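Heads up, the thing below is written out as structure tokens.
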Amino acid sequence: MERAVVHMDLDTFFVSCERLTNSSLNGIPLIIGGGDRGVVASCSYEARLFGVRSAMPIKMAMRLCPQAKIVKGDMELYSNLSRKVTSVIEEVAPVMEKASIDEFYLDVTGMDKFHGTYKWTTELAQSVLKETGLPISFGLSVNKTVSKIATGEGKPNGKIHILESNVKPFLNPLSIRKIPMLGDVTFTLLSRIGVRTIHTLSEMPPEVLQQMIGKNGIDLWKKANGIDNRPIEPYTERKSISTENTFTQDTIDILKVKSMLNGMVEKLAFQLRNEQWLTSTVVVKIRYSNFDTETKQRKIAYTSADHILTKIVQELFDLLYQRRMRLRLIGIQFSGLVRGTYQIDLFEDTIEMMSLYQAMDNMKKRFGFDAVMRCAGATLKTKKDVS
């Protein structure tokens, strides 16, 4: 049986959310971001006509489109609307995977026995628009890769169905940039040897690609040939991530404790970014030597940034630790998680800060977490608990 996989993506999601709450923003160039030294988190199609793109410095975007209106961004609003869309899709879809705050994969294989999968998906997209006010595009094809590329080609308000027999004719003329997860370094490397279209890439010997790019070479060759056997992973929201440290000897060395807290935050924040989560609730836990246990928590704007979370954790610890008694255990929990990346969280931070986080995370991924750490938490050894 031919697989039927749908990729659904909300059109300029942050922009659409802002326009729902403020109709005066309709039809004008709109940039979601913050600060003169910040970056563009999202932008309207009107702004894109001037060359504005996500992750572009705000100053550059305003030079390209000086008439654009800048809105700081409201992650709580975006998360609430994302949950509404999720509920609409979840109610009718046989299997749904929530890939991010604004995109979804559905497995509708076999549904054409009862009604056409394209018609069913079209009606679902209409339901999303009707019930939430948010426009959504979709691609329907035989796997995740082709469906996602189809969605991108159809935006905005696109509805594209690529049958198995049309997969190669659809993919072949497209730029290799259209392949999901193909980054700038790989694009530059392939372009230098004349590989710029998916068709050319698909005809390369896979072993050559593996030698050039490494273990991802074979996967890239498969995608170029429309091959992707990844299943749709049923959607479940992780509720929290946490970590605790039990001291080998009870301690009253508060400088040491605070240093450990910094390291624990760094470790959890890296996990948030690596798994593409943002947290909205911070909990700090302490246990005294007499086993009395106390916690304090604080609601915050959605983030995955060390420097923000560290400040909150230290403030909560200062509020908690009042007895001047030895400590047996300290712990941190981040909860109220939503899908998102640090890039979309940069409504206040600078492009320099974003570059720093990206560089540190890339080193951690390549060489291990301990490859680069903040001095304050460099000696940390913890037992992690994820729920």
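Here are a few things to note about the model shown:
- K256 meets each of the listed conditions (1) free of Cβ contacts under 8 Å to residues at least 24 places away in the same chain; (2) basic (K, R); (3) touching a strand residue (DSSP E or B) at 6+ places or on another chain (Cβ under 6 Å) apart from (3).
- Yes/no for L261 being surrounded by 21 or more Cβ atoms within 10 Å (Cβ to Cβ) and under 23 Å from the mean Cα position of the chain (by Cα): no
- Cβ pairs under 8 Å, 6+ apart, first in segment 264-284 and touching a residue at least 12 places away in the same chain (Cβ under 8 Å) and of a type in the set (S, T, Y), second part of a loop (DSSP other than H, G, I, E, B) and surrounded by fewer than 24 Cβ atoms within 10 Å (Cβ to Cβ): T279/G336; T279/L337; S280/G336; S280/L337; T281/G336
- Residue in segment 182-201 that is buried (at least 16 other Cβ atoms within 10 Å of the Cβ), touching a Phe, Trp or Tyr at 6+ places or on another chain (Cβ under 8 Å), of a type in the set (S, T, Y) and assigned to a helix (DSSP H, G or I) present: no
- For segment 113-161, filtering for residues that are without any contact (Cβ under 8 Å) to a residue 12 or more places away in the chain and within 29 Å of A224 (Cα to Cα) leaves 2.
- Segment 113-152, residues that are farther than 17 Å from E164 by Cβ, in contact with a Ser or Thr (Cβ under 9 Å, 6 or more places away or on another chain), among the aliphatic types (A, V, I, L, M) and in a helix (DSSP H, G or I): A125
- Some residue of segment 115-133 being of a type in the set (D, E), surrounded by 14 or more Cβ atoms within 10 Å (Cβ to Cβ) and on the phi < 0 side of the Ramachandran plot: no
- Screening segment 1-112 for helices (runs of 4 or more DSSP H) wholly inside it with 3 or more residues that are within 23 Å of the chain's Cα centre (by Cα), buried (at least 17 other Cβ atoms within 10 Å of the Cβ) and in contact (Cβ under 8 Å) with a residue 24 or more places away in the chain returns the ranges 13-21, 75-92.
- If the condition is being buried (at least 20 other Cβ atoms within 10 Å of the Cβ) and either under 21 Å from K144 (Cα atoms) or touching a residue at least 40 places away in the same chain (Cβ under 8 Å) (or both), then segment 203-233 contributes L220, W221, K223, A224, G226, I232.
Values in this text are rule-based calculations from the coordinates and carry no lab data. No experiment lies behind these values; they were computed from the predicted model shown. Ideal geometry is used to build each Cβ from the backbone, glycine not excepted, and the neighbour counts take in all protein chains shown.
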